[in-house]
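First up is the structure itself, then whatever we jot down about it.
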Amino acid sequence: MPAPRQLPLLVSVVLPTYRRPVLLDRCLQALMRQSLATHCYEIVVVDDGHEEATRQLVERLAALPDAPALRYLRPERGRGPAVARNCGWRAAWAPLVAFTDDDTVADPRWLQQGLLGMRSQWLALAGQVRVPALYEPGRRPTDHELMTQGLEHAEFVTANAFVWRAALVLVGGFDERFRRPWREDSDLQFRLEALGPVGRCDAALVWHPVRPERWGVALRQQRNVFFDALLYRKHPQLYRVRVRRRPPWDYYLIVLLSLLSLALAVSGQPTAALLGGGAAAGLVLALAWRRLRPTARNPAHVCEVLLTSALIPFLSVYWRLRGALHFRVLFL
(Lines give C-alpha, C1' and ligand atoms only; values in the text may rest on other atoms or scores of the structure.)
Protein backbone atom coordinates (compact mmCIF):
# COMPACT_ATOMS: atom_id res chain seq x y z
CA MET A 1 0.00 0.00 0.00
CA PRO A 2 1.49 3.41 -0.93
CA ALA A 3 2.22 5.89 1.83
CA PRO A 4 -0.31 8.68 2.39
CA ARG A 5 0.43 12.18 1.18
CA GLN A 6 2.28 14.49 3.55
CA LEU A 7 -0.60 16.96 3.86
CA PRO A 8 -3.35 15.61 6.16
CA LEU A 9 -6.46 14.43 4.38
CA LEU A 10 -9.83 15.73 5.54
CA VAL A 11 -12.07 13.02 4.11
CA SER A 12 -11.81 9.58 2.52
CA VAL A 13 -14.46 8.61 -0.03
CA VAL A 14 -15.20 4.88 0.13
CA LEU A 15 -16.68 3.59 -3.10
CA PRO A 16 -17.62 -0.10 -3.43
CA THR A 17 -18.16 -1.38 -6.95
CA TYR A 18 -19.21 -4.61 -8.60
CA ARG A 19 -18.48 -5.15 -12.29
CA ARG A 20 -19.92 -1.88 -13.55
CA PRO A 21 -16.92 -0.06 -15.03
CA VAL A 22 -19.02 2.32 -17.15
CA LEU A 23 -21.02 3.50 -14.14
CA LEU A 24 -17.87 3.58 -12.01
CA ASP A 25 -16.14 5.81 -14.56
CA ARG A 26 -19.05 8.27 -14.48
CA CYS A 27 -19.04 8.26 -10.69
CA LEU A 28 -15.28 8.78 -10.44
CA GLN A 29 -15.32 11.62 -12.96
CA ALA A 30 -17.76 13.49 -10.71
CA LEU A 31 -15.73 12.73 -7.58
CA MET A 32 -12.58 14.04 -9.24
CA ARG A 33 -14.29 17.37 -10.05
CA GLN A 34 -15.12 18.30 -6.47
CA SER A 35 -14.83 21.90 -5.31
CA LEU A 36 -12.72 20.64 -2.41
CA ALA A 37 -9.00 20.86 -3.15
CA THR A 38 -7.67 17.53 -4.40
CA HIS A 39 -5.02 17.33 -1.67
CA CYS A 40 -7.78 17.33 0.97
CA TYR A 41 -9.44 14.05 0.03
CA GLU A 42 -8.83 10.57 -1.29
CA ILE A 43 -11.01 8.06 -3.12
CA VAL A 44 -10.84 4.40 -2.10
CA VAL A 45 -12.38 2.12 -4.74
CA VAL A 46 -13.17 -1.33 -3.36
CA ASP A 47 -13.66 -3.88 -6.13
CA ASP A 48 -16.13 -6.46 -4.85
CA GLY A 49 -16.21 -8.06 -8.29
CA HIS A 50 -12.44 -8.66 -8.49
CA GLU A 51 -12.46 -7.51 -12.12
CA GLU A 52 -9.36 -6.51 -14.04
CA ALA A 53 -11.24 -3.86 -16.07
CA THR A 54 -12.06 -2.06 -12.83
CA ARG A 55 -8.43 -2.11 -11.71
CA GLN A 56 -7.27 -0.71 -15.05
CA LEU A 57 -9.85 2.09 -14.94
CA VAL A 58 -8.81 3.17 -11.45
CA GLU A 59 -5.10 3.05 -12.29
CA ARG A 60 -5.66 5.10 -15.47
CA LEU A 61 -7.60 7.81 -13.63
CA ALA A 62 -5.14 7.82 -10.72
CA ALA A 63 -2.34 8.68 -13.16
CA LEU A 64 -4.06 11.84 -14.41
CA PRO A 65 -2.43 15.13 -13.44
CA ASP A 66 -3.99 16.96 -10.47
CA ALA A 67 -6.09 13.90 -9.56
CA PRO A 68 -6.91 13.30 -5.89
CA ALA A 69 -5.34 10.28 -4.24
CA LEU A 70 -7.12 7.33 -5.85
CA ARG A 71 -6.59 3.80 -4.55
CA TYR A 72 -7.80 0.39 -5.66
CA LEU A 73 -8.53 -2.38 -3.14
CA ARG A 74 -10.01 -5.86 -3.18
CA PRO A 75 -11.49 -7.50 -0.07
CA GLU A 76 -9.33 -10.38 1.05
CA ARG A 77 -12.34 -12.42 2.13
CA GLY A 78 -16.09 -12.41 1.65
CA ARG A 79 -18.34 -10.63 -0.80
CA GLY A 80 -21.09 -8.04 -0.65
CA PRO A 81 -21.39 -4.28 -0.08
CA ALA A 82 -20.95 -4.50 3.69
CA VAL A 83 -17.68 -6.42 3.27
CA ALA A 84 -16.48 -3.94 0.63
CA ARG A 85 -17.30 -0.86 2.72
CA ASN A 86 -15.58 -2.33 5.77
CA CYS A 87 -12.51 -3.01 3.67
CA GLY A 88 -12.59 0.60 2.42
CA TRP A 89 -13.07 2.53 5.66
CA ARG A 90 -10.53 0.41 7.53
CA ALA A 91 -7.94 1.36 4.91
CA ALA A 92 -8.97 5.04 4.92
CA TRP A 93 -6.35 7.64 5.86
CA ALA A 94 -8.70 10.51 6.79
CA PRO A 95 -10.62 10.94 10.08
CA LEU A 96 -13.91 11.37 8.18
CA VAL A 97 -15.32 8.74 5.82
CA ALA A 98 -17.80 9.58 3.04
CA PHE A 99 -19.74 6.70 1.53
CA THR A 100 -21.32 6.61 -1.91
CA ASP A 101 -22.08 4.01 -4.60
CA ASP A 102 -20.75 3.43 -8.10
CA ASP A 103 -24.10 4.35 -9.74
CA THR A 104 -24.28 7.86 -8.24
CA VAL A 105 -23.11 11.25 -9.54
CA ALA A 106 -21.89 13.55 -6.79
CA ASP A 107 -22.66 17.26 -6.93
CA PRO A 108 -19.42 19.29 -7.29
CA ARG A 109 -19.85 20.66 -3.75
CA TRP A 110 -20.78 17.33 -2.17
CA LEU A 111 -17.64 16.83 -0.10
CA GLN A 112 -17.33 20.49 0.84
CA GLN A 113 -20.92 20.59 2.10
CA GLY A 114 -20.53 17.31 3.95
CA LEU A 115 -17.47 18.64 5.76
CA LEU A 116 -19.34 21.77 6.73
CA GLY A 117 -22.26 19.72 8.02
CA MET A 118 -19.99 17.51 10.12
CA ARG A 119 -18.71 20.56 12.02
CA SER A 120 -21.76 20.13 14.23
CA GLN A 121 -21.68 17.51 16.97
CA TRP A 122 -22.74 14.66 14.73
CA LEU A 123 -21.33 11.14 14.75
CA ALA A 124 -22.63 10.83 11.20
CA LEU A 125 -24.94 12.55 8.78
CA ALA A 126 -26.97 11.68 5.73
CA GLY A 127 -26.84 13.80 2.61
CA GLN A 128 -29.57 14.29 0.04
CA VAL A 129 -30.16 11.78 -2.78
CA ARG A 130 -32.16 12.82 -5.82
CA VAL A 131 -33.36 10.75 -8.78
CA PRO A 132 -33.19 12.86 -11.97
CA ALA A 133 -35.71 10.87 -14.04
CA LEU A 134 -38.49 11.87 -11.65
CA TYR A 135 -38.17 15.56 -12.47
CA GLU A 136 -38.88 15.40 -16.20
CA PRO A 137 -42.11 17.43 -16.72
CA GLY A 138 -45.16 15.62 -18.05
CA ARG A 139 -43.60 12.18 -17.79
CA ARG A 140 -44.91 9.37 -15.59
CA PRO A 141 -42.18 7.22 -13.99
CA THR A 142 -42.04 3.47 -14.32
CA ASP A 143 -42.58 1.27 -11.29
CA HIS A 144 -38.82 0.66 -11.14
CA GLU A 145 -38.10 4.39 -11.20
CA LEU A 146 -40.63 4.93 -8.44
CA MET A 147 -38.93 2.25 -6.33
CA THR A 148 -35.61 4.02 -6.85
CA GLN A 149 -37.27 7.21 -5.62
CA GLY A 150 -37.39 5.58 -2.19
CA LEU A 151 -33.77 6.67 -1.80
CA GLU A 152 -34.94 10.28 -1.70
CA HIS A 153 -37.03 9.65 1.40
CA ALA A 154 -34.74 7.26 3.28
CA GLU A 155 -33.35 8.50 6.59
CA PHE A 156 -29.80 7.24 6.05
CA VAL A 157 -28.36 5.50 2.98
CA THR A 158 -24.78 4.68 2.08
CA ALA A 159 -25.27 6.25 -1.33
CA ASN A 160 -24.64 9.51 0.55
CA ALA A 161 -23.39 9.35 4.13
CA PHE A 162 -20.58 10.83 6.21
CA VAL A 163 -19.30 9.03 9.33
CA TRP A 164 -16.37 9.71 11.63
CA ARG A 165 -13.91 6.86 11.31
CA ALA A 166 -13.62 6.70 15.11
CA ALA A 167 -17.38 6.06 15.32
CA LEU A 168 -17.09 3.25 12.79
CA VAL A 169 -14.37 1.70 14.93
CA LEU A 170 -16.60 1.89 18.01
CA VAL A 171 -19.57 0.13 16.37
CA GLY A 172 -17.43 -2.31 14.38
CA GLY A 173 -18.48 -1.00 10.97
CA PHE A 174 -21.07 -2.76 8.83
CA ASP A 175 -22.59 -6.10 9.74
CA GLU A 176 -21.30 -8.39 7.01
CA ARG A 177 -24.26 -10.73 7.32
CA PHE A 178 -26.11 -8.22 5.12
CA ARG A 179 -24.86 -9.71 1.85
CA ARG A 180 -27.00 -7.55 -0.45
CA PRO A 181 -27.25 -3.74 -0.62
CA TRP A 182 -30.30 -3.71 1.64
CA ARG A 183 -30.79 -2.67 5.28
CA GLU A 184 -27.07 -2.67 6.11
CA ASP A 185 -27.22 1.13 6.16
CA SER A 186 -30.24 1.21 8.49
CA ASP A 187 -28.48 -1.21 10.83
CA LEU A 188 -25.41 1.03 10.91
CA GLN A 189 -27.60 4.09 11.51
CA PHE A 190 -29.40 2.50 14.46
CA ARG A 191 -26.14 1.39 16.07
CA LEU A 192 -24.60 4.84 15.60
CA GLU A 193 -27.67 6.51 17.10
CA ALA A 194 -27.15 4.43 20.24
CA LEU A 195 -23.83 6.28 20.67
CA GLY A 196 -24.76 9.81 19.65
CA PRO A 197 -26.69 12.03 17.22
CA VAL A 198 -26.93 11.34 13.50
CA GLY A 199 -27.79 14.41 11.46
CA ARG A 200 -28.83 15.41 7.95
CA CYS A 201 -27.34 17.82 5.42
CA ASP A 202 -29.43 18.36 2.29
CA ALA A 203 -26.76 20.62 0.83
CA ALA A 204 -24.52 17.55 0.46
CA LEU A 205 -26.16 16.24 -2.71
CA VAL A 206 -25.64 13.22 -4.91
CA TRP A 207 -27.72 12.29 -7.93
CA HIS A 208 -28.81 8.69 -8.42
CA PRO A 209 -29.78 8.06 -12.05
CA VAL A 210 -32.06 5.06 -12.55
CA ARG A 211 -30.15 2.07 -13.88
CA PRO A 212 -31.63 0.18 -16.84
CA GLU A 213 -33.05 -3.14 -15.67
CA ARG A 214 -34.26 -6.31 -17.31
CA TRP A 215 -37.93 -7.30 -17.24
CA GLY A 216 -39.18 -8.30 -13.81
CA VAL A 217 -36.85 -6.29 -11.60
CA ALA A 218 -39.58 -6.11 -8.95
CA LEU A 219 -39.45 -9.90 -8.66
CA ARG A 220 -35.68 -10.01 -8.19
CA GLN A 221 -35.88 -7.33 -5.51
CA GLN A 222 -38.06 -9.52 -3.32
CA ARG A 223 -34.88 -11.34 -2.23
CA ASN A 224 -34.01 -8.20 -0.27
CA VAL A 225 -36.65 -8.89 2.37
CA PHE A 226 -34.60 -11.88 3.53
CA PHE A 227 -32.44 -9.28 5.29
CA ASP A 228 -35.41 -7.47 6.79
CA ALA A 229 -35.53 -10.42 9.16
CA LEU A 230 -31.96 -9.73 10.28
CA LEU A 231 -32.66 -6.04 10.82
CA TYR A 232 -35.81 -6.93 12.78
CA ARG A 233 -33.89 -9.39 14.94
CA LYS A 234 -31.31 -6.74 15.83
CA HIS A 235 -33.68 -3.77 16.23
CA PRO A 236 -37.29 -5.01 16.59
CA GLN A 237 -38.81 -1.82 18.02
CA LEU A 238 -36.99 0.53 15.66
CA TYR A 239 -37.91 -1.67 12.71
CA ARG A 240 -41.62 -1.45 13.49
CA VAL A 241 -41.53 2.28 14.18
CA ARG A 242 -39.21 3.49 11.40
CA VAL A 243 -39.09 0.82 8.69
CA ARG A 244 -42.36 -1.12 8.46
CA ARG A 245 -45.15 -0.78 10.99
CA ARG A 246 -46.96 -4.01 10.15
CA PRO A 247 -46.39 -7.16 8.09
CA PRO A 248 -47.76 -7.27 4.52
CA TRP A 249 -50.95 -9.05 5.53
CA ASP A 250 -52.42 -8.75 2.03
CA TYR A 251 -49.50 -10.79 0.66
CA TYR A 252 -50.08 -13.53 3.21
CA LEU A 253 -53.80 -13.52 2.45
CA ILE A 254 -53.17 -13.86 -1.29
CA VAL A 255 -50.89 -16.83 -0.69
CA LEU A 256 -53.32 -18.52 1.73
CA LEU A 257 -56.35 -17.98 -0.51
CA SER A 258 -54.45 -19.32 -3.52
CA LEU A 259 -53.34 -22.45 -1.66
CA LEU A 260 -56.83 -22.95 -0.25
CA SER A 261 -58.39 -22.61 -3.72
CA LEU A 262 -55.98 -25.20 -5.10
CA ALA A 263 -56.79 -27.59 -2.26
CA LEU A 264 -60.54 -27.10 -2.79
CA ALA A 265 -60.22 -27.72 -6.52
CA VAL A 266 -58.26 -30.93 -5.93
CA SER A 267 -60.85 -32.12 -3.39
CA GLY A 268 -63.69 -31.65 -5.88
CA GLN A 269 -65.22 -28.39 -4.64
CA PRO A 270 -65.04 -26.17 -7.75
CA THR A 271 -67.47 -23.48 -6.56
CA ALA A 272 -65.58 -22.83 -3.33
CA ALA A 273 -62.30 -22.97 -5.25
CA LEU A 274 -63.55 -20.30 -7.67
CA LEU A 275 -64.64 -18.07 -4.81
CA GLY A 276 -61.28 -18.35 -3.09
CA GLY A 277 -59.40 -17.83 -6.35
CA GLY A 278 -61.54 -14.83 -7.20
CA ALA A 279 -60.80 -13.24 -3.84
CA ALA A 280 -57.06 -13.80 -4.35
CA ALA A 281 -57.27 -12.36 -7.87
CA GLY A 282 -59.10 -9.29 -6.51
CA LEU A 283 -56.30 -8.66 -4.01
CA VAL A 284 -53.70 -9.07 -6.77
CA LEU A 285 -55.54 -6.54 -8.95
CA ALA A 286 -55.67 -4.13 -6.00
CA LEU A 287 -51.89 -4.48 -5.60
CA ALA A 288 -51.37 -3.93 -9.33
CA TRP A 289 -53.54 -0.81 -9.25
CA ARG A 290 -51.58 0.64 -6.31
CA ARG A 291 -48.41 0.20 -8.36
CA LEU A 292 -49.92 1.50 -11.61
CA ARG A 293 -51.80 4.51 -10.24
CA PRO A 294 -48.76 6.84 -10.08
CA THR A 295 -46.75 5.22 -12.88
CA ALA A 296 -46.54 4.93 -16.68
CA ARG A 297 -49.48 3.47 -18.59
CA ASN A 298 -47.85 2.21 -21.79
CA PRO A 299 -48.91 -1.37 -22.66
CA ALA A 300 -45.54 -3.01 -21.95
CA HIS A 301 -45.29 -1.43 -18.52
CA VAL A 302 -48.91 -2.25 -17.63
CA CYS A 303 -48.36 -5.87 -18.66
CA GLU A 304 -45.20 -6.12 -16.55
CA VAL A 305 -46.91 -4.67 -13.49
CA LEU A 306 -49.91 -7.00 -13.82
CA LEU A 307 -47.79 -10.12 -14.21
CA THR A 308 -45.30 -9.28 -11.49
CA SER A 309 -48.10 -8.32 -9.08
CA ALA A 310 -49.39 -11.89 -9.34
CA LEU A 311 -45.98 -13.27 -8.31
CA ILE A 312 -44.68 -10.69 -5.83
CA PRO A 313 -46.77 -11.89 -2.84
CA PHE A 314 -45.49 -15.47 -3.18
CA LEU A 315 -41.84 -14.43 -3.53
CA SER A 316 -42.09 -11.88 -0.74
CA VAL A 317 -43.65 -14.34 1.71
CA TYR A 318 -41.10 -17.00 0.76
CA TRP A 319 -38.08 -14.73 1.38
CA ARG A 320 -39.56 -13.26 4.56
CA LEU A 321 -40.18 -16.68 6.08
CA ARG A 322 -36.83 -17.99 4.87
CA GLY A 323 -35.13 -15.01 6.53
CA ALA A 324 -37.06 -15.65 9.75
CA LEU A 325 -35.87 -19.27 9.78
CA HIS A 326 -32.29 -18.40 8.86
CA PHE A 327 -31.91 -15.69 11.49
CA ARG A 328 -34.11 -17.52 14.03
CA VAL A 329 -36.54 -14.72 14.70
CA LEU A 330 -40.34 -14.54 14.79
CA PHE A 331 -40.76 -12.26 11.79
CA LEU A 332 -43.69 -11.93 9.42
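The values are calculated or read from the model by the stated rules, or taken from the named source; none is laboratory data. Worth saying up front: this structure is predicted, and the values here are computed from it rather than measured. Positions of Cβ are generated from backbone atoms using ideal geometry, with glycine treated the same way; all protein chains shown enter the neighbour counts. Calculation scope for accessible area: heavy atoms of the full protein, side chains included, ligands and nucleic acids excluded. Shrake-Rupley method; radii C 1.70, N 1.55, O 1.52, S 1.80 Å.
The residue that is farthest from the chain's Cα centre (by Cα), among those in segment 168-189 that are in a helix (DSSP H, G or I), buried (at least 20 other Cβ atoms within 10 Å of the Cβ) and not acidic (Asp, Glu), is Leu168.
Here are some residues: Ala203, Ala218. Which one is more than 22 Å from Arg19 (Cβ to Cβ) and part of a strand (DSSP E or B)?
On inspection, the qualifying residue turns out to be Ala203.
Kindly provide the set of residues from segment 131-146 that are among the hydrophobic types (A, V, I, L, M, F, W, C), part of a helix (DSSP H, G or I) and buried (at least 18 other Cβ atoms within 10 Å of the Cβ), ordered by number. Result: Leu146, single match.
Within the bounds of segment 181-188, is there any residue that is of a type in the set (Ser, Thr, Tyr), closer than 20 Å to Arg233 by Cα and at pLDDT 95 or above?
First pass over segment 181-188, keeping only residues of a type in the set (Ser, Thr, Tyr): 186.
With closer than 20 Å to Arg233 by Cα added as a condition, the list becomes 186.
Subsequent filtering for residues that are at pLDDT 95 or above retains 186.
Yes, the conditions are met somewhere in segment 181-188.
Kindly provide the set of residues from segment 223-238 that are touching a Lys or Arg at 6+ places or on another chain (Cβ under 9 Å) and of a type outside the set (A, V, I, L, M), ordered by number. Of everything in segment 223-238, those that are touching a Lys or Arg at 6+ places or on another chain (Cβ under 9 Å) and of a type outside the set (A, V, I, L, M) turn out to be Arg223, Asn224, Phe226, Phe227, Asp228, Tyr232, Arg233, Lys234, His235. Cβ separations smaller than 6 Å between residues 6+ apart or across chains give the following pairs from segment 117-145 residues that are within 20 Å of Ser186 (Cβ to Cβ) to residues that are crowded, with 20+ Cβ neighbours inside 10 Å and of a type in the set (Phe, Trp, Tyr): Leu125/Phe162; Ala126/Phe156. Cβ contacts < 7 Å: first residue within 13 Å of Phe331 (Cα to Cα), restricted to segment 301-321; second residue of a type in the set (Asp, Glu), any location; separation 6+ or different chain. Result? Close Cβ pairs satisfying both conditions: Arg320/Asp228. When Ala94, Ala84 are checked against the criterion of being open to solvent by less than 10 Å² (accessible area, probe 1.4 Å), of a type in the set (A, V, I, L, M, F, W, C) and more than 21 Å from the chain's Cα centre (by Cα), Ala94 stands alone in meeting it.
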